[in-house]
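The values are calculated or read from the model by the stated rules, or taken from the named source; none is laboratory data. As the structure is a prediction and not an experimental result, all values here were calculated from the model. Heads up, the Cβs are rebuilt from the backbone with ideal geometry, glycines too, and the neighbour counts pull from every protein chain shown.
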Amino acid sequence: MPEEPTRAVPGRAVVARRALSEIVRDAALGSYGVTGLAEPTVLARCRARLGLGSRAIRVTLHPTVSTEVWLTVAYGVPVAEVARQVDSAVRYRLERALAREVGPVSIHVQGLSSRRFASPPAVPTPPPAVSATSVDPPAAPAAPAGADSVPAPDPARPSSTVGAA
């Protein structure tokens, strides 16, 4: 972690708006229940599909740092709680990065995702491996032709006869 400055250093630090957008994006997508960012308008959705840039995060710097985030939330999670958590995460990350107070953070939930957040997609389990430890008993020797004898019991098999009393 970077060290906190102990004294003021003369000079000027310039932070690009794009860098702040990346900080906001990481904070929002890292929050529980957020499934993705959403575009605010239909035109913005078309621009994003054409690869002309996303409008899901808007950061303004003057007079204070203010942020607007459009996102989608997983089905089944409390939307208000997710919005509070995203607000808190965005504020914390921006205050740490800029070392100054952050103005309003607006969270716009554009929709719910159709899949549940808590359950990952089902992965088929492979069938159990065949055990190589079981061995078939050896075959009994063939009786000579014409012999009317009873074959001897197999010593590897337990006897199933009931003992006489």
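Table for the structure above
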item: Residues (touching a residue at least 40 places away in the same chain (Cβ under 8 Å) and surrounded by 17 or more Cβ atoms within 10 Å (Cβ to Cβ)) located in segment 41-76; result: 59, 65, 67, 68, 69, 70, 71, 72, 73, 74
item: Selected residue (only one of 27, 48 is of a type in the set (Gly, Ala, Ser), at pLDDT 95 or above and under 30 Å from residue 114 (Cβ atoms)); result: 27
item: Positions within segment 82-100 being surrounded by fewer than 13 Cβ atoms within 10 Å (Cβ to Cβ) and under 20 Å from residue 70 (Cα atoms), in sequence order; result: 92
item: Test: residue in segment 53-68 that is among the aliphatic types (A, V, I, L, M) and modelled with pLDDT of 95 or more; result: no
item: Helices (runs of 4 or more DSSP H) (entirely within segment 1-101) containing at least 2 residues that are within 18 Å of the chain's Cα centre (by Cα); result: 17-29, 79-98
item: Residues satisfying the stated conditions in segment 91-114, i.e. farther than 15 Å from residue 36 by Cα and in contact (Cβ under 8 Å) with a residue 60 or more places away in the chain; result: 92, 93, 94, 97, 98, 99
item: Any hit, segment 57-67, residues being under 22 Å from residue 114 (Cα atoms) and among the aliphatic types (A, V, I, L, M); result: no
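Residues checked against (1) on the phi > 0 side of the Ramachandran plot; (2) of a type in the set (Asp, Glu):
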position	(1), (2)
26	no, yes
29	no, no
40	no, no
45	no, no
51	yes, no
57	no, no
70	no, no
73	no, no
76	yes, no
